[in-house]
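The values are calculated or read from the model by the stated rules, or taken from the named source; none is laboratory data. Because the structure is predicted, anything quoted here is derived from the model rather than measured. All Cβ positions, even for glycine, are placed from backbone atoms using ideal geometry, and neighbour counts span all protein chains on display.
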Amino acid sequence: MLKNLLLLNFFLVCTLVLTDTYAQRKESRLTGNSPYSALGIGDIPSSGAIPSDAMGGTGLTFGNGIYVNTLNPAMLVKTRFVAFSTGMRGQYRTISDGTNSQTDFGVNLSHVLMAFPIKPKWTMSVGLRPHSSVEYEARYTSPIQGTENSVQYIYKGQGGFSKASLGTGHLIGKSLYVGAEGYYYFGSVSRDTTSRLLLNDGEDYYLRYTDRINANGLGLKTGFMWQQKLSSKWFLNVGGTYELQSKLKGSQLRSLSTLIEGQNGPQVLKKPDTLGIATGNLKLPSQYALGISIESPLKWIFAVEYSKQDWAAYRNFLGRAESNLTAGDRISVGVEFLPKVTSTAYFDQVFYRVGFQQTKTPYLVNSTQVMDRSFSFGLSTPLGFRNLSYIDLGLSVGSRGVTGNGLVKENYFKVSLGFSLVDTRWFIKPKID
């Protein structure tokens, strides 16, 4: 109950936080300050690689073996050589309530993954990527009646969850691809609510309530893709994934601290009081995704995809549903073009991509469901002539939320940079004359 009240108070002051001069300071964060990451387990980024970012998040039904498909484990078998894929995402965000605004910037690792063929029709992968991110800070000040002093209320959250993965993809016959990917989730989220008594003598006092949760658990995603030849140059691809519901086991520590303003910021005045230590579970909802694409291999790809995850089935550490979470879905459209694979010209070997994405996020604030829309584009450039290793770049522009009714609007510009490194020499038996 206390946590729900704190979240309600947090969103009531979201429009006031932008007036505080402290909030105008810029810091380098993992994802940048976002009030919406206070809900659930935080913001959940795309699990796709950088080429997928440039195509609106699509990638369920295609792959060319040059970059590792991280969306559908069935597509791993397209990787015929040892491949290493990694990248990072940066985001410049402007948050506005319609009257006031602030800017923020954050950078985070997108993924680290290696795929390696076991047999001609069997490929496996191991990887590590973030699963969610909590990064927000809101402040507002209220005068104390009958005095010259005031109280500043500070809401702050940090942390998130990551997942290590082990995947496998198989080709059955000539047209059916199947795969599975197992996850190990781990991480922690800390949420603070602080009341700061502002005194004229400069020795401000703080009363801070901290709720920290550590959790870990297992997850599983399955996938398939079926391919039908339409002509000598074109194929129809249909595929999808299903991620099972996951239960994370964890522990919760609640504490209360008293601090005083020091030369280097707030200093602990006395040892924090432990309010409670408990064990419990987090229940993450299942998710499914379906996609269709028309492909001319190493020339054109036109893809459309849909995914849905019902966060009304989410259960927090207390085993309760959260009223500010509901079912969310996403529609993605993407196009990829490679000018001429047989050409000797460098720019004929560059992949060009564009995409669009519309997401109905699971965030429900004051009976308003938050929408997110973005346009993206990008390219992959080879590291050399006839080189299967590429540098991947994706750019996207979009907005999330609206102003008014206690909500804020986030206009953002995202930059994604990655590397798809392929080595054709591994697992090749040496020949001796």
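The table below gives the values:
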read-out: Among (1) modelled with pLDDT of 95 or more; (2) within 19 Å of residue 248 (Cβ to Cβ); (3) over 19 Å from the mean Cα position of the chain (by Cα); (4) surrounded by 15 or more Cβ atoms within 10 Å (Cβ to Cβ), the one test that residue 294 misses; value: (2)
read-out: Residue check, residue 180 under 21 Å from residue 36 (Cβ atoms), in contact (Cβ under 8 Å) with a residue 40 or more places away in the chain and touching a strand residue (DSSP E or B) at 6+ places or on another chain (Cβ under 9 Å); value: no
read-out: Among the residues listed as 69, 33, the single one being free of Cβ contacts under 8 Å to residues at least 60 places away in the same chain, surrounded by 17 or more Cβ atoms within 10 Å (Cβ to Cβ) and not in a strand (DSSP E or B); value: 69
read-out: Of the criteria (1) modelled with pLDDT under 90; (2) out of contact with any helix residue (DSSP H, G or I) (no Cβ under 8 Å at 6 or more places or on another chain); (3) closer than 30 Å to residue 315 by Cα, which one residue 139 fails; value: (2)
read-out: Considering residues of the stretch 305-321 that are crowded, with 17+ Cβ neighbours inside 10 Å and closer than 30 Å to residue 351 by Cβ only, the residue farthest from the chain's Cα centre (by Cα); value: 305
read-out: The one condition in (1) surrounded by fewer than 16 Cβ atoms within 10 Å (Cβ to Cβ); (2) among the small types (Gly, Ala, Ser); (3) under 20 Å from the mean Cα position of the chain (by Cα) that residue 278 fails to fulfil; value: (3)
read-out: Residues of the stretch 142-173 satisfying the condition of being of a type in the set (S, T, N, Q) and surrounded by 15 or more Cβ atoms within 10 Å (Cβ to Cβ); value: 152, 158, 162, 165, 168
read-out: Failed item, numbered, when residue 331 is tested on (1) within 28 Å of residue 297 (Cα to Cα); (2) β-branched (Val, Ile, Thr); (3) in contact (Cβ under 8 Å) with a residue 40 or more places away in the chain; (4) not in a loop (DSSP other than H, G, I, E, B); value: (3)
read-out: Top-ranked residue in the stretch 183-229 [being closer than 30 Å to residue 129 by Cα, among the aliphatic types (A, V, I, L, M) and buried (at least 16 other Cβ atoms within 10 Å of the Cβ); ranked as farthest from the chain's Cα centre (by Cα)]; value: 225
read-out: Pairs where the first residue, in the stretch 88-107, is within 15 Å of residue 395 (Cα to Cα) and the second is surrounded by fewer than 19 Cβ atoms within 10 Å (Cβ to Cβ) and of a type in the set (S, T, N, Q), C-beta under 6 Å, 6+ apart; value: 89/108
read-out: Given (1) crowded, with 16+ Cβ neighbours inside 10 Å; (2) at pLDDT 95 or above, number of the condition residue 324 does not satisfy; value: (2)
read-out: Set 402, 397, 370: member being outside any strand (DSSP E or B) and either closer than 30 Å to residue 326 by Cβ or touching a helix residue (DSSP H, G or I) at 6+ places or on another chain (Cβ under 7 Å) (or both); value: 402
read-out: Residue 57 vs. criteria of a type outside the set (S, T, N, Q), at positive phi and surrounded by fewer than 23 Cβ atoms within 10 Å (Cβ to Cβ); value: no
read-out: For residue 392: the one exception among (1) of a type in the set (Asp, Glu); (2) closer than 24 Å to residue 38 by Cβ; (3) buried (at least 19 other Cβ atoms within 10 Å of the Cβ); value: (2)
read-out: Flag for residue 53 being of a type in the set (Asp, Glu), touching a residue at least 12 places away in the same chain (Cβ under 8 Å) and assigned to a helix (DSSP H, G or I); value: yes
read-out: Entirely in the stretch 231-327, the strands (runs of 3 or more DSSP E) that have 2 or more residues that are farther than 19 Å from residue 46 by Cα and among the hydrophobic types (A, V, I, L, M, F, W, C); value: 235-243, 246-262, 265-284, 300-310
read-out: Exclusive hit being more than 25 Å from residue 40 (Cβ to Cβ) and either buried (at least 19 other Cβ atoms within 10 Å of the Cβ) or touching a Ser or Thr at 6+ places or on another chain (Cβ under 7 Å) (or both), set 117, 130; value: 117
read-out: The stretch 335-350 - residue that is surrounded by 13 or more Cβ atoms within 10 Å (Cβ to Cβ) and out of contact with any helix residue (DSSP H, G or I) (no Cβ under 7 Å at 6 or more places or on another chain) and, of those, nearest to residue 406 (Cα to Cα); value: 335
read-out: In the stretch 386-419, the residues that are farther than 26 Å from residue 113 by Cβ and hydrophobic (A, V, I, L, M, F, W, C); value: 397, 402, 407, 408
read-out: Any hit, the stretch 333-343, residues being within 30 Å of residue 251 (Cβ to Cβ) and either at pLDDT below 95 or among the acidic types (Asp, Glu) (or both); value: no
read-out: Matching residues in the stretch 291-309 - criterion: being more than 22 Å from residue 73 (Cβ to Cβ) and touching a residue at least 40 places away in the same chain (Cβ under 8 Å); value: 294, 296, 298, 299
